[in-house]
């Protein structure tokens, strides 16, 4: 409904939007067969694409109007109807419209459209492509619902919708056992976050008696001064810790990150949506949306900062030891999310939001480019088998375009000058260095700066092995059977993402780095778009130097293979992701065993003894004898006895029923 309202608002701003219904009817007619009845895959795709483009045009026009007016004070709340009304307690279906939500919605729509166009080519021969488009649309719709929610109730509905859609999409190829296991793993770990988010929402409601965001933000000072009875703990600390755990599970932070690499078992367009615009961004968006509350809890800020640093430390190194194309990019996602969490824990919410937007475009570009390579190479994802396989593929336009897309994504993720990642990562690193006034802060800054080398190394290693390495015998099969062409839909999707990956950083830096320009992200960084140009030259030259060092190290990546042969145990330790999955599996096995013992002793033991195998065996002959004695085992008299018993029970419980009240 929020999107429909935005569409009607766009009618007054652009005459083109008024033509959208006509375009829908024309596409519906064009998509049918000769009888005009069958809609078809092509028609479904066309209508969905035009719908997405129309929504994007409306959102962009609205964003431009807000920026030209007064972005700092623009906040519009819309209440559509009352969802629940109970004894004076009212829950409304409401949405909030602000510059913060508009920019986020623009990003989601752009990524969704490119993934949709790419999927039309990538999933062309899948018999269930209509189901795939439906799940993908539900994924984007749930994220838009989450972003534009005006209360925690609507936010939680979108949160659960994102989790459900991700499960359906990861498990889209249900005939593969590994996809089912990966989808179930993602679902179970995200249920941890769902539980803690629900606890945090209920604690917030207990204190404020409201689910509305603005009401809660107004009463944030009261939250800061409220103590839990019997404990010397602030309510706001407990609420923020619950929100942090929810964000950790959704955004795959250290400790709850194991589902994200395994989620790569789904189709590649799903990976692009999960990593760029929906799943992992939902956790960060929760913390950004609740910045009014998070900023008042020093405990939560310190935990967020520590979580981000640990995530960067463990995941940036793991990317070096992987050979699966998609898993390398997946670990880079964890590392970049660690950047956002670290700077968010340093109270620089605007910088975290800035990197969240720029990261979405170049990460979607990398995943879709990797998906194009996988599609060409018949589904193969192992770099050891693909090394040199695309060397002869560099002779036509589509091949050069694919290589250029990989280069733009690589330059953006490493933070090369003038690409989108440069503006956000540079601001994060410099703000962290200048704000570090203790040993731990300096150590965290060192970890983040060191990760620039690791990111540069595995990004250039991926590009070098795919496009520049010598041909190997294992790749000849893929060369002989490769199509050697990139579809026009793939070129369109990659071209749009290349444009945004190159321009989004420069275009949004003034909007996001200037103080309080985003009304929902009050705390900005100590740097702005102008002060970034005046840092000392030894500091400014350090990230490019590490990028260059990682670039040259990637040409000697064969040394890594030799090192793995010499130190096999350590290599297996790194490739096994520190044995963390093994430890989690052992813990889950012990937990399930204990739960089964409780089930046997309680459910199948005590409760069954009290119920069907205990008291019921005593009452049954007693009731039969009463039935024989009083009612002569006749159906109508037995029903009469049953009615009399119900009336007696009701007579006993009548005072309690009359005195029952809802207490909130």
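The values are calculated or read from the model by the stated rules, or taken from the named source; none is laboratory data. Just so you know, these numbers come straight off a predicted model, no measurement behind them. Virtual Cβ from ideal backbone geometry, glycine too; neighbours counted across all protein chains shown.
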Check segment 211-223 and report whether any residue there is within 27 Å of the chain's Cα centre (by Cα) and in a loop (DSSP other than H, G, I, E, B). yes
Residue 216 vs. criteria buried (at least 21 other Cβ atoms within 10 Å of the Cβ) and closer than 22 Å to residue 299 by Cβ: yes
Residue that is more than 21 Å from the chain's Cα centre (by Cα) and either at pLDDT below 85 or assigned by TED's automatic domain parsing to the domain that holds residue 356 (or both), where the choices are 110, 93: 93
Consider only pairs whose beta carbons are under 6 Å apart and that are at least six residues apart or on different chains; among these, list those whose first residue lies in segment 396-422 and is under 15 Å from residue 490 (Cα atoms) and whose second residue is at pLDDT below 85 and part of a loop (DSSP other than H, G, I, E, B). 398/485; 398/486; 402/486
Pairs under 7 Å by beta carbon, first residue touching a residue at least 40 places away in the same chain (Cβ under 8 Å) and assigned by TED's automatic domain parsing to the domain that holds residue 359 in segment 425-442, partner surrounded by fewer than 23 Cβ atoms within 10 Å (Cβ to Cβ) and in a loop (DSSP other than H, G, I, E, B), six or more apart or different chains? 427/527; 430/527; 430/535; 431/526; 431/527; 434/526; 435/526
Determine whether residue 331 is in the same structural domain as residue 248 (by TED's automatic domain parsing), out of contact with any strand residue (DSSP E or B) (no Cβ under 9 Å at 6 or more places or on another chain), under 14 Å from residue 255 (Cα atoms) and part of a helix (DSSP H, G or I). yes
For segment 341-354, indicate whether the set of residues that are within 23 Å of residue 269 (Cβ to Cβ) and touching a residue at least 60 places away in the same chain (Cβ under 8 Å) is non-empty. no
Those residues that are in contact with a helix residue (DSSP H, G or I) (Cβ under 9 Å, 6 or more places away or on another chain) and in a helix (DSSP H, G or I), I need them from segment 201-210; list them, please. 201, 203, 204, 205, 206, 207, 208
Considering 615, 635, 610, 646, which residue is modelled with pLDDT of 65 or more, surrounded by fewer than 11 Cβ atoms within 10 Å (Cβ to Cβ) and outside the structural domain of residue 85 (by TED's automatic domain parsing)? 646
Is it true that residue 60 is at pLDDT 80 or above, in a strand (DSSP E or B) and within 26 Å of the chain's Cα centre (by Cα)? no
Across (1) within 23 Å of residue 189 (Cα to Cα); (2) at pLDDT below 90, residue 340 clears everything bar (2)
Looking at segment 567-592, which of the residues that are over 25 Å from the mean Cα position of the chain (by Cα) and in contact (Cβ under 8 Å) with a residue 60 or more places away in the chain is farthest from residue 315 (Cα to Cα)? 571
Picking from 260, 284, 299, 306, the residue that is within 30 Å of residue 461 (Cβ to Cβ), in contact with a helix residue (DSSP H, G or I) (Cβ under 6 Å, 6 or more places away or on another chain) and surrounded by fewer than 24 Cβ atoms within 10 Å (Cβ to Cβ) would be 284
